[in-house]
Amino acid sequence: MERTYTVGEIVKTKKPHVCGSKDWKILRVGADIKLECCGCKREIIMMRFELNKRIIK
């Protein structure tokens, strides 16, 4: 099942970021997804299939 993501949505990951936060805000959606950590505001780009594996279902 393919999950759809929207800009501005907050997703929760299984493992925390280095800063301790598990919450990520979606900034851009496409073949890859740009995320911003809600704790330290660091931005990363992740492939869609990687994000599907890392979020809490």
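Read-outs throughout are calculated quantities, based only on the coordinates presented, and are distinct from any laboratory measurement. Model, not experiment: these values are computed from the prediction.
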Q. Rounded to the nearest 500, what is the chain's calculated 222 nm mean residue ellipticity when only DSSP H runs of at least 4 contribute -39500 (n - 2.57) each, over all residues?
A. -3000 deg cm²/dmol
Q. Could you give the semi-axes, largest first, of the ellipsoid that matches the chain, computed as the square roots of 5 times the alpha carbon gyration tensor eigenvalues and rounded to whole Å?
A. 17, 13, 9
Q.
Once you keep just the Cα pairs under 8 angstrom separated by 6 or more residues, what percentage relative contact order results for the chain?
A. 29 percent
